[in-house]
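Here is the structure we will look at.
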Amino acid sequence: MGGEDSCSSPPIITAVLLSLIVASGLIGCGPIAPNANRDTATRVTEPNCDTATRVAEPNRRAETQVADHATTPSEQASTYLVLRLKERRLELMRDDGPAPIASFPIAIGRTGHETPTGRFQVEEMIEYPDFDQIDPGDRWHVVKRIPPGPENPLGDRWIGFAHGDGWTLGIHGTPHPELLGQAVSGGCIRMRNVDVIHVYDSVKLGTTVVVDP
């Protein structure tokens, strides 16, 4: 996670509220299979997300912005992520400066499956994840498994930052970048594959993830 000052655990109140929201089935990209190996865990479908009307996003949201100083940060500084839901942006930050190193367009949770706000941390990182489509009537029954590739809804990277009993949230790629800038997911954060790879290569397990309204 970020520097020592940014490695504190999520506040108890935030954790309790998040647990209540999740228990009601309002968020989550889907469950991890029981006793799954954390290095090979797979994700489930976010129903109806990719069937939403596809509208080109405003230009600002469609742009990836990388600061000139991104290649020469202080070796002592720590990286962390800030997700700005209203602006539909993910910002890659370092604690040695107030300005983002880079800023990327994202898609967020749709109505009824809103991405929760609060302070989290990266707890799982998977390259080229599998995608499991789950039976709506039985969340532990895998109907179909989609291997890595151009049709995989999770894209080329998975960065998990919150989980609970039968659910998980993360930042991942998408085969539908035209939906970025919209609230269409099941709670997860979607990015262009090239952008999520950039973020993946910039973080590690324990990196702070701050989700702002």
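Please treat every number below as a calculation from the coordinates, not as lab data. These figures come from a predicted structure and were not determined experimentally. Here the Cβ is made from the backbone with ideal geometry for all residues, glycine too, and neighbour counts use every protein chain on show.
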Can you check what the net charge comes to around residue 161, using other residues whose Cβ is under 9 Å from the Cβ of residue 161 (Lys, Arg +1; Asp, Glu -1)?
-> -2
Non-local amide H neighbours of residue 123 (under 5 Å, H modeled in plane, Pro and chain starts lacking H): which ones?
-> 160, 161, 206
From the backbone phi of the stretch 159-166, what are the Karplus-calculated ³J(HN,Hα) couplings (6.51 cos²θ - 1.76 cosθ + 1.60, θ = phi - 60°) in whole Hz, Gly and Pro given as x?
-> 10, x, 10, 7, 7, x, 6, x
Estimated vicinal HN-Hα couplings, Hz - the stretch 147-153 in sequence order (Karplus 6.51, -1.76, 1.60; Gly, Pro = x) = x, x, x, x, 9, 6, x
Long-range amide H contacts for residue 101: which residues qualify at under 5 Å (H placed 1.01 Å from N, peptide plane, sequence gap of 5 or more or a different chain)?
-> 92, 93, 94
Nonlocal amide H pairs with residue 189, under 5 Å, H built at 1.01 Å = 170, 171, 172
Estimated distance in nm for a label pair at residue 87 and residue 117, the labels positioned 7 Å out from Cα along Cα-to-Cβ = 1.4 nm
For the stretch 78-213, what mean projected area does the convex hull of the alpha carbons give, in nm²?
-> 8.1 nm²
Per-pair calculated FRET efficiency, R0 = 30 Å: residue 142 and residue 197 via Cβ, rounded to 0.05 | 0.70
